[in-house]
Amino acid sequence: MSRVRVHNFSVSLDGFGTGEGLSLQEPFGHAGERLHTWFFPTETFRAQTGERERRDVDPATAPDDAFASQWGRGIGVEIMGAGKYGPPGWQDDPDWRGWWGEEPPFHTPVIVLTHRPRDPLTLGETTFHFRDASPEDALAEARQLAGDLDVHIGGGPSMLRDYLAAGLVDHAHIAVVPILLGRGVRLWDGLEALEARYDVAAITTPSGTTHLTLERKRP
């Protein structure tokens with residue numbers, strides 16, 4: 001059976017996966033881009049955005065890139081929450097096509113969890129399917145679409161928390177960034193004793209980011 005994976009999900013030291021006041025102008029609210037400062041200099045990010053040639057990559061970013069580069073390997077489907085697909089109120093705009101332009105970076109089917117489904121949207125190699133579904137039902141559909149490949153849980157923090165609480169995640173990489181946000185949406189609320197179900201490892205890199213990996217314990 002395909003595995004369910006989380007990669008490159010950033011939280012602050014106080015556990016917030018996004019800030020307060022999300023909008024079209026501020027997709028992460030008052031957090032701005034601070035949750036992702038570890039990711040932007042990596043070879044993986046710069047390759048995705050066409051910003052670099054290999055010789056331009058700072059070697060100091062290599063430890064962060066060792067985690068960042070795992071994101072797309074073996075992934076056949078992504079599941080994301082409504083808040084990742086667009087700003088508050090995007091469901092009222094029939095022309096909203098996501099943040100990523102005509103060539104989204106997924107190159108796979110994407111299931112968007114929303115209480116207001118709409119017809120599928122294909123952009124480049126990515127088709128977005130809009131579903132009002134439970135985590136379990138969305139995962140069942142994702143596995144059908146993924147075939148032998150894995151399923152990526154893309155966030156935001158509320159839907160990722162739901163998948164962790166339901167025991168549906170096999171592997172998770174959480175990047176703990178050395179900032180304090182104070183407000184927003186927290187990832188860890190209600191997930192007490194999560195370590196009882198996962199083997200947890202931590203590595204801190206020169207950027208000051210602590211990369212947590214959670215691997216589901218075998219019975």
Ignoring GluC sites (Glu not before Pro) buried by more than 13 other Cβ within 10 Å or outside DSSP loops, the longest site-free run in the chain is 126-191
Taking the chain and counting helices only, DSSP H stretches of n ≥ 4 at -39,500 (n - 2.57) each over all residues, the nearest-500 ellipticity at 222 nm comes to -4500 deg cm²/dmol
Extend 7 Å from the Cα of Glu215 along its Cα-to-C-beta direction; within the range 69-88, residues with backbone N under 17 Å of that point are 70-71
Here, Glu192 and Leu123, labelled 7 Å along Cα→Cβ, have an inter-label distance in nm of 4.1 nm
FRET efficiency (Leu145, Ala201; Cβ distance; R0 30 Å; to 0.05) is 0.50
Computed over the range 4-216, the Cα gyration tensor eigenvalues, each multiplied by 5 and square-rooted, give semi-axes in Å (largest first) of 25, 21, 19
With +1 on the Cβ of every Lys and Arg and -1 on the Cβ of every Asp and Glu, the dipole magnitude of the chain about its Cα centre, in debye rounded to the nearest 20, is 420 debye
Residue separation between Leu24 and Leu180 times 0.36 nm, minus their alpha-carbon distance, gives in nm 53.9 nm
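Laboratory data are not the source of any read-out in this text; all were calculated from the coordinates shown. Everything numeric here is computed off the predicted structure, so don't read it as measured data. All Cβ positions, even for glycine, are placed from backbone atoms using ideal geometry, and neighbour counts span all protein chains on display.
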